[in-house]
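Below: one structure, written as structure tokens.
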Ligand code: BDR
Ligand code: CA
């Protein structure tokens, strides 16, 4: 059984990611923490509660995290619409569950401390909560099996030519987390998630399988339009679900150890994730991060589709 905490800013693709983990028989979803990102913290938290309820898991506790980046003004975009779920947030029902009274960092510390085995944390929003957790509680690191982070783009960005959204929202947090020693990190950047795009056939298989699939797919049109207009891609790109797939099935993505850094300036490269891919004869100056650059994309998208169609 894999013990997971998902740190999230739902978010259309976050909804698919939560649904992938929520009813998987090999996953013990210990909790969900929320962060501001795709939309403000009130919406990401309400959306997380409602998505879990939609998935039949209102029992999974949800704790509220950071409402802003560590040290910079808010940055946002409209990819997920004004409610964070492509205009569909008010159609998925309202959870009767309340948020956990603890803040996200205290909540994660308590879950990690109580767990008899190390826990995988899957951050699929800006890394603010995770930077705060590791900065304030370095002693908790041995309780973390691995961070499987959706973020970054080595070959280019989605929100700017150089930056990926989650890193762009809080570059200082990303820089700290990626530099942190003693915590294994697998980074799941755009380089692999953009390869795992799916089209109408995949979406209609998920939509027609069950009520959860129908609601998830109903969230996608606005988000898809954003990727069509911004990146010329008329597909559904489920970034966050790819990170959760790797957390559930370690090794489903092909990783390369790389030295990384993040541009924390306010220039044109702000929020960009850089990898040193030169021939590494010199000893590394940064810790190495396992960066997922490739995958068997048809096996991977088939895995996500089959899970969403069979577990609900
Ligand atoms: C990431 O940014 C958000 O828009 C998505 O939810 C995903 O986590 C992709 O760049
Ligand atoms: Ca997200």
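Coordinate-derived values only; no laboratory data. Just so you know, these numbers come straight off a predicted model, no measurement behind them. Positions of Cβ are generated from backbone atoms using ideal geometry, with glycine treated the same way; all protein chains shown enter the neighbour counts.
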Can you say whether residue 292 is in contact (Cβ under 8 Å) with a residue 24 or more places away in the chain, touching a helix residue (DSSP H, G or I) at 6+ places or on another chain (Cβ under 6 Å), farther than 30 Å from residue 87 by Cβ and part of a strand (DSSP E or B), as far as the supplied structure shows? yes
Log entry, pairs with first residue in segment 47-68 being without any contact (Cβ under 8 Å) to a residue 12 or more places away in the chain, second being surrounded by fewer than 21 Cβ atoms within 10 Å (Cβ to Cβ), beta carbons closer than 7 Å, six or more apart or on different chains, reads none
Any idea which residue in segment 170-192 is nearest to ligand 1 (Cβ to nearest atom), counting only those that are part of a helix (DSSP H, G or I) and in contact with a helix residue (DSSP H, G or I) (Cβ under 8 Å, 6 or more places away or on another chain)? 190
Would you pick out the residues in segment 118-160 that are more than 14 Å from ligand 1 (Cβ to nearest atom), in a helix (DSSP H, G or I) and either in contact (Cβ under 8 Å) with a residue 24 or more places away in the chain or within 15 Å of residue 176 (Cα to Cα) (or both)? 131, 132, 133, 134, 135, 136, 138, 140, 141, 142, 143
From the option list 35, 62, 109, single residue qualifying as under 21 Å from residue 149 (Cβ atoms) and within 12 Å of ligand 1 (Cβ to nearest atom) is 35
Which condition number does residue 69 fail, the rest of (1) over 24 Å from residue 312 (Cβ atoms); (2) within 16 Å of ligand 2 (Cβ to nearest atom); (3) crowded, with 24+ Cβ neighbours inside 10 Å being met? (3)
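Can you spot a residue in segment 210-222 that is out of contact with any strand residue (DSSP E or B) (no Cβ under 8 Å at 6 or more places or on another chain), surrounded by fewer than 24 Cβ atoms within 10 Å (Cβ to Cβ) and part of a loop (DSSP other than H, G, I, E, B)? Spell out the reasoning first.
Initial filter on segment 210-222 (out of contact with any strand residue (DSSP E or B) (no Cβ under 8 Å at 6 or more places or on another chain)): 210-219, 221-222.
Then drop every residue that is not surrounded by fewer than 24 Cβ atoms within 10 Å (Cβ to Cβ), which leaves 210-215, 217-218, 221-222.
Filter once more, so that each one left must be part of a loop (DSSP other than H, G, I, E, B): 210.
Yes, segment 210-222 contains at least one residue that is out of contact with any strand residue (DSSP E or B) (no Cβ under 8 Å at 6 or more places or on another chain), surrounded by fewer than 24 Cβ atoms within 10 Å (Cβ to Cβ) and part of a loop (DSSP other than H, G, I, E, B).
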